Amino acid sequence: MGKKFRIDRLGASQSVMTLQKCEEEAMARAFGGPGKYIQRRGEIARLRQHLAPLGDRCLMLVDRAVLDRLTATIPGLEVMAFGGECSAAEIARVVARSREIGAQVIIGAGGGKAIDTAKIAAIETGARIVVVPTIASTDAPCSAVAVRYSEAGIYEESLRLPRNPDLVLVDVEVIAAAPVRFLIAGIGDALSTWFEARSNIESRTPNYVAGGFPPTEVGIAIARRCHDVLMAEAGKAVAAAREGLITASLERIIEANILMSGLGFENCGCSAAHGIHDGLTVLSETHGLLHGEKVAFGTLCLLMLENRDAAEIVEAIRFCRGLGLPVTLVDLGLGDADRDQITRVAEAALVPGECTYATPVELTVESVRDAILALDVFARGVAP
């Protein structure tokens, strides 16, 4: 092992050519996902019995916020505290420790960055991958995609890994105990799933499975169903979570945020919602925002960039605003941003290989910049 697998984010024309080649090969298609997904109250206490078939020597990388709780719940495991960024240095640190103890399984427990670090380290060392999300804030847990950042938190690249996690274990009690902001950010991330799937379908861009294939009908259906669940359950789930209550709506939103969104994006693809998120990371003012908060804003910008129906954009703005997700530049902490700063965001969203190129419209720095600025103006005029 030891080889890094970089995601090949194709430019628009090359993407179409690749997908057409797939279709010429007897309408090829592919679907990817984790070996197992288990979601249940109290499941963290059963982690050891799930680990037994995978290996005896385990290394668990844990977010500091839940370190004490998890180590008390699962004593006896070799544990490392996560450094805070999925960076080259942090990955190397985990790889070194894994090799020292001969880890057969690497467990990533925490948020998306800790999980991605564990996934990459497991691939580099040949270990099995187990994911234990402690917040439902991103769709990272189920996928074979990991995002690497600089030590300062600036997006660097996405890595396409050769396999998905062997097990994703979701303890609903652990998720419900986390600050509600994380759940809301996960809804913001999941909101992009169907809209970006639609972009990829319309632009005929390959998905992220096994080098890129046309999406299966199952993948498309999951992305669409993810959107339906969000619209039906998000408000109720957030209200319950604010009171520390576990309800059917919260269970469904956790599944949508983690499983359905993860399967949807990997099997259909991302576009400008995530591309604009990546672009926003170049502005230090956004570094205090969560991934899903920036993706939610990027999703609204995507709809503006694609010139979708005004009613659809208004519905998405009201949905986000009702949950406290950002819908304007002021909400992002960019109220004083000038046109040059937004131009920098657009430029970063359009670096070669960015997923923005899956958006089925003509793309220029100016068109992306103006879509961001136009969304800001439009959202400010939308009544509650």
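Below is a table of values for the structure above.
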quantity: Members of the stretch 193-219 found to be in contact with a Ser or Thr (Cβ under 8 Å, 6 or more places away or on another chain) and of a type in the set (D, E, K, R), listed by number; calculated: Glu196, Arg204
quantity: Residue list for the stretch 140-176, restricted to those being closer than 16 Å to Ile91 by Cα, more than 17 Å from the chain's Cα centre (by Cα) and of a type in the set (Gly, Ala, Ser); calculated: Ser150, Ala152
quantity: Filter pass, Glu90 being at pLDDT 95 or above and either open to solvent by 30 Å² or more (accessible area, probe 1.4 Å) or within 22 Å of the chain's Cα centre (by Cα) (or both); calculated: yes
quantity: In the stretch 142-169, the residues that are within 19 Å of Gly32 (Cβ to Cβ), open to solvent by 10 Å² or more (accessible area, probe 1.4 Å) and part of a loop (DSSP other than H, G, I, E, B); calculated: Leu161, Pro162, Arg163, Asn164, Asp166
quantity: Lone qualifier among Arg148, Arg198 - being in contact (Cβ under 8 Å) with a residue 40 or more places away in the chain and of a type in the set (Lys, Arg); calculated: Arg148
quantity: Filter pass, Asp331 being of a type in the set (Asp, Glu), modelled with pLDDT of 95 or more, part of a helix (DSSP H, G or I) and surrounded by 14 or more Cβ atoms within 10 Å (Cβ to Cβ); calculated: no
quantity: Count - residues of the stretch 183-210 that are more than 30 Å from Ala240 (Cα to Cα) and assigned to a helix (DSSP H, G or I); calculated: 6
quantity: Residues of the stretch 254-297 satisfying the condition of being of a type in the set (S, T, N, Q) and either open to solvent by 10 Å² or more (accessible area, probe 1.4 Å) or in a helix (DSSP H, G or I) (or both); calculated: Asn257, Ser261, Asn267, Ser284, Thr286
quantity: Residues within the stretch 236-253 that are small (Gly, Ala, Ser) and surrounded by fewer than 16 Cβ atoms within 10 Å (Cβ to Cβ), tallied; calculated: 3
quantity: Top-ranked residue in the stretch 31-68 [being open to solvent by less than 80 Å² (accessible area, probe 1.4 Å) and among the charged types (D, E, K, R); ranked as farthest from Glu217 (Cα to Cα)]; calculated: Asp63
quantity: Selection from the stretch 39-49 of residues that are assigned to a helix (DSSP H, G or I) and among the polar types (S, T, N, Q); calculated: Gln49
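The values are calculated or read from the model by the stated rules, or taken from the named source; none is laboratory data. Because the structure is a prediction, the values reported are computed rather than measured. Cβ sites come from the backbone with ideal geometry, for glycine too, and all protein chains shown count toward neighbours. Areas reflect the complete protein model, heavy atoms only, side chains present, ligands, DNA and RNA absent. Shrake-Rupley method; radii C 1.70, N 1.55, O 1.52, S 1.80 Å.
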